[in-house]
Amino acid sequence: MFVLADQPDRWNRVTPKVRELNTAGQLLSFDLHQLDEIECEDLADKMIELESEEKLSIRHLELTKEERVKLCKENSKRHFVVAMLQIRYGKRFSDIIIEEFEKIPSEKGKEAYLMVCFCNHLGLSIPESIVISALHLTSSLSINEFHSYTEGIVIFSKYGLSSRHPIIAREIIRNFVKTKLNFIST
């Protein structure tokens, strides 16, 4: 059995409960490294290639390869998901995520996404029924709007709702807390 996780600490709670993973000598783990300089250059080259072939829409044409590599090496701390987004948009990761959040067209959609991110940040999925109940989405139209507003940013599964990635959830929660603290202090 192979178990892969980008945040291995999330498996610490699971390992003792899964007999196959808890048997002496059966659990072998190793960390995947962060992107090295060559991988950052390869990622920048691949993005440029895919954009030039129009397989990927161009988000930030004026970025040179050197600028993209710099974003990968410095601003992203060489995390693959973060580096990909920053190289593609030419912005800091947190700015990209917050812009995406701000573009959700309804307050209910934003509240739903915040609920999902808060739970996901804690390592949990939240049942859709709880979100629907908490936001008082009583009509099929309001539920359909919730689905359309969160399409692509909320993952719907049999286990519940989650954000696309725990790092994204963390950024949303971090920004929400910072905004609320700034509001309270003024």
message: So if I check each of E49, E54, which one is part of a helix (DSSP H, G or I) and exposed (fewer than 14 other Cβ atoms within 10 Å of the Cβ)?
response: E49
message: Being under 20 Å from the mean Cα position of the chain (by Cα), of a type outside the set (G, A, S) and either surrounded by 13 or more Cβ atoms within 10 Å (Cβ to Cβ) or modelled with pLDDT of 85 or more (or both): is that true of L85 here?
response: yes
Matching option when the condition is assigned to a helix (DSSP H, G or I) and in contact (Cβ under 8 Å) with a residue 40 or more places away in the chain, among I132, I167: I167
query: Which ones in segment 64-79 are modelled with pLDDT of 80 or more and touching a helix residue (DSSP H, G or I) at 6+ places or on another chain (Cβ under 8 Å)?
result: K65, R68, V69, L71, C72, K73
- prompt: Which one of these does K110 not meet: (1) in contact (Cβ under 8 Å) with a residue 24 or more places away in the chain; (2) surrounded by fewer than 19 Cβ atoms within 10 Å (Cβ to Cβ); (3) of a type in the set (K, R); (4) under 29 Å from R174 (Cα atoms)?
  reply: (1)
Which numbered condition E171 misses (of (1) exposed (fewer than 11 other Cβ atoms within 10 Å of the Cβ); (2) under 25 Å from A83 (Cβ atoms)): (1)
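Any chance segment 135-156 includes a residue that's among the charged types (D, E, K, R), touching a Lys or Arg at 6+ places or on another chain (Cβ under 9 Å) and more than 19 Å from F176 (Cα to Cα)? Outline the logic, then answer.
Looking only at segment 135-156, we keep the residues that are among the charged types (D, E, K, R), and these are 145, 151.
Checking the rest, the ones that are also touching a Lys or Arg at 6+ places or on another chain (Cβ under 9 Å) come to 145.
Those still in the list that are more than 19 Å from F176 (Cα to Cα) too: 145.
Looking through segment 135-156, at least one residue is among the charged types (D, E, K, R), touching a Lys or Arg at 6+ places or on another chain (Cβ under 9 Å) and more than 19 Å from F176 (Cα to Cα).
Any residue that is among the small types (G, A, S) and closer than 15 Å to H165 by Cβ - is there at least one of those in segment 100-120? Walk me through how you get there before you give the answer.
Our first condition is that a residue be among the small types (G, A, S); within segment 100-120, this holds for 106, 109, 112.
From the residues that got through so far, the ones that are closer than 15 Å to H165 by Cβ too are none.
No, that holds for no residue.
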message: From the list K180, K73, exactly one residue is among the basic types (K, R) and free of Cβ contacts under 8 Å to residues at least 24 places away in the same chain. Which is it?
response: K180
- prompt: Going through segment 148-164 one residue at a time, which ones are more than 17 Å from F101 (Cβ to Cβ) and either touching a strand residue (DSSP E or B) at 6+ places or on another chain (Cβ under 7 Å) or part of a helix (DSSP H, G or I) (or both)?
  reply: G160
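The values are calculated or read from the model by the stated rules, or taken from the named source; none is laboratory data. Everything numeric here is computed off the predicted structure, so don't read it as measured data. Here Cβ is always computed from backbone atoms with ideal geometry, including for glycine, and neighbour counts include all displayed protein chains.
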